[in-house]
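Participant: For reference, the structure I am asking about is given below.
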Amino acid sequence: MDLARYLRDVPDFPKPGILFKDITPMLGSTEAMREAIERLGRLDVGRVDKVAAIESRGFLFGVPLALRLGVGFVPVRKPGKLPWKTHRVEYSLEYGTDAVEIHQDGVRAGERVLLVDDLLATGGTMGAACKLVENCGGIVAACAFVVELCFLPGRARLQGRRVESLLQVR
Ligand code: AMP
């Protein structure tokens, strides 16, 4: 199955110059979602004890992937959203900074975590999520994406980590 057929290009969203990769056609197809989760679940990344994903589109793939692998799911969220004690990591954007948080007890020491998000652009968000897992004492098994924008330096920013993607946009 050609999963790329289930992505929609939306020019100039959310601002001029950005070509937004819309995953809603994929979400709307049981066949495409089943295929995407199956392919993510088959990635050869060694033992996986938890799946962690970044809000909000990462959750759409992270929860079914965790179910498919038979492991628990851990949410990574923007500041102030998680109710329990959190770790926080800040990361730089083109202008300014942003941050992500994880529950301190979301990942236990020594657990191997597969991180997932819908799309790899600059890698800033995923890099911060990896640090959160490590702040909990976890080990990053791999960073998995449905879509990778290869013309951006996301993979380089995640250097030293295992990076997997289902669809590469060049
Ligand atoms: P980055 O931290 O730059 O790798 O950005 C990754 C996050 O931003 C992902 O969670 C994506 O959902 C979102 N994102 C960035 N660029 C795009 C794009 N061109 N199309 C769709 N989502 C994007």
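Read-outs: derived from the displayed coordinates by stated rules, not from any lab. A quick note: this is a predicted structure, and the numbers were derived from the prediction, not measured. Virtual Cβ from ideal backbone geometry, glycine too; neighbours counted across all protein chains shown.
Participant: Can you classify region 66-145 as rounded, prolate or oblate using the Cα gyration tensor, where a ≥ b ≥ c are the square roots of its eigenvalues, rounded means a/c under 1.5, and otherwise it's prolate if a/b beats b/c and oblate if not?
Facilitator: The shape class here is oblate.
Participant: Further question on the same structure: Rounded, prolate or oblate: which fits the chain, taking a ≥ b ≥ c as square roots of the Cα gyration tensor eigenvalues, rounded meaning a/c under 1.5, else prolate when a/b beats b/c?
Facilitator: It comes out oblate by the Cα gyration axes.
Participant: Let me ask another. What is the sum of charges around Thr97, taking Lys and Arg as +1, Asp and Glu as -1, for the other residues whose C-beta is under 12 Å from the C-beta of Thr97?
Facilitator: Summing Lys and Arg as +1 and Asp and Glu as -1 gives -2.
Participant: Please list, by residue number, every one of the chymotrypsin sites (Phe, Trp or Tyr not before Pro) in region 70-170 that is coil in DSSP and has at most 11 other beta-carbon atoms within 10 Å.
Facilitator: Counting only loop positions with at most 11 other Cβ atoms within 10 Å, the chymotrypsin sites (Phe, Trp or Tyr not before Pro) in region 70-170 are Trp84, Tyr95, Phe151.
Participant: At 222 nm, what helix-only mean residue ellipticity would the chain give, in deg cm²/dmol to the nearest 500, using -39500 (n - 2.57) for each DSSP H run of four or more?
Facilitator: -7500 deg cm²/dmol
Participant: Taking a threshold of 23 Å on the Cα-Cα distance, which of the pairs Lys21/Lys78; Lys21/Lys50; Lys15/Lys81; Lys50/Lys131 fall above it?
Facilitator: Lys21/Lys50; Lys15/Lys81
Participant: If R₀ is 22 angstrom, what is the calculated FRET efficiency for the pair Arg170 and Phe13, using the beta carbon separation as r and rounding to 0.05?
Facilitator: According to the calculation, E is roughly 0.60.
Participant: Do you know the relative contact order of the chain, to the nearest whole percent, from alpha carbon pairs under 8 angstrom that are 6+ apart?
Facilitator: Value for the chain: 18 percent.
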